[in-house]
Structures are given as structure tokens and as C-alpha cells.
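What follows is a set of notes on a single structure, which appears directly below.
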Amino acid sequence: MAAVRYDTFARFYPYYLAQHEHRLCRRTHFLGTSSAIAAVAQYIATPNSWWLPLAVVTGYGGAWIGHFVFEKNRPATFDYPWYSFRADWVMYWEMLTGKLSW
């Protein structure tokens with residue numbers, strides 16, 4: 001459990017970014033989120049329900065590989081599931097638009 005409890009997303013997000021300092025961790029997040037988006041799009045196109053669990057597995061799988069293999073820390077989602085989910089999308093957008101390197 002984190003020592004500090006974050007009561008707002010604005011306070012949480014800098015902590016979240018600090019947990020993603022390793023470039024390869026951010027890359028696995030980006031690839032996992034991109035794969036999850038592709039799986040959801042495939043579900044919409046084909047209504048095959050197997051795409052939805054694949055979206056979850058690839059989305060979180062990519063992130064967790066980044067943390068356990070490269071960052072060597074515990075994913076923030078374990079302590080802050082909703083803030084982390086939101087922060088992943090913000091970080092993804094920032095990487096996509098070049099505001100944050102990946």
C-alpha cells in the first residue's frame with residue numbers, strides 16, 4: 001500500500017508518471033493500450049465476445065510486464081485502480097501526441 005493517499009487525480013498523476021520513468025515501461029504500456037483498443041474495435045466489428053477479455057489481458061498485461069520487468073515496481077493499479085486506469089489513458093494520449101516520450 002502506498003504511504004501517501006491521493007484524494008484527487010491532479011495529485012495522483014505526478015506520482016503515476018514517477019512510477020513510469022523507464023522508457024521501456026512506458027512503451028509496454030503504450031503497446032498494451034494500443035492492443036486493447038484494437039481488440040475492442042475488433043469486438044465492435046465482429047461481436048465476438050472473446051475480444052473483450054483479450055482487451056483486458058493485453059492492456060493490463062503490457063503494463064504489468066513493464067512494471068515487473070523494466071521498472072521493477074508494483075503497478076499503481078493495485079492501490080489506485082480507477083485513478084490508474086484514467087492515468088493510463090492520459091499518459092497514452094501524451095505519448096501519442098508527443099508531450100511525453102515513449
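The values are calculated or read from the model by the stated rules, or taken from the named source; none is laboratory data. Model, not experiment: these values are computed from the prediction. We place every Cβ from the backbone using ideal geometry, glycine too, and count neighbours over all the protein chains shown.
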Selection status of TYR60, of a type in the set (Ser, Thr, Tyr) and more than 25 Å from TYR43 (Cα to Cα): no
Whichever residue in the stretch 14-30 is among the hydrophobic types (A, V, I, L, M, F, W, C) and surrounded by fewer than 18 Cβ atoms within 10 Å (Cβ to Cβ) and, among such residues, is nearest to TYR83 (Cα to Cα): LEU17
Tell me, please, whether a residue that is within 28 Å of ALA3 (Cα to Cα) and either of a type outside the set (A, V, I, L, M) or buried (at least 18 other Cβ atoms within 10 Å of the Cβ) (or both) can be found in the stretch 40-56. no
Confirm whether LEU100 is part of a helix (DSSP H, G or I) and touching a residue at least 12 places away in the same chain (Cβ under 8 Å). no
Report whether or not TYR92 is in contact with a helix residue (DSSP H, G or I) (Cβ under 6 Å, 6 or more places away or on another chain) and surrounded by 14 or more Cβ atoms within 10 Å (Cβ to Cβ). yes
Among the numbered criteria (1) in contact with a His (Cβ under 8 Å, 6 or more places away or on another chain); (2) within 24 Å of VAL4 (Cβ to Cβ), which one does PHE85 miss? (1)
Find all pairs meeting these conditions: Cβ atoms under 6 angstrom apart; at least six residues apart or on different chains; first residue within the stretch 20-48 and closer than 16 Å to TRP102 by Cα and in contact (Cβ under 8 Å) with a residue 40 or more places away in the chain; second residue crowded, with 16+ Cβ neighbours inside 10 Å and among the hydroxyl-bearing types (Ser, Thr, Tyr). THR33/TYR92
Go through the residues of the stretch 64-77 one by one and say whether even a single one is within 13 Å of the chain's Cα centre (by Cα), surrounded by 12 or more Cβ atoms within 10 Å (Cβ to Cβ) and at pLDDT 95 or above. no
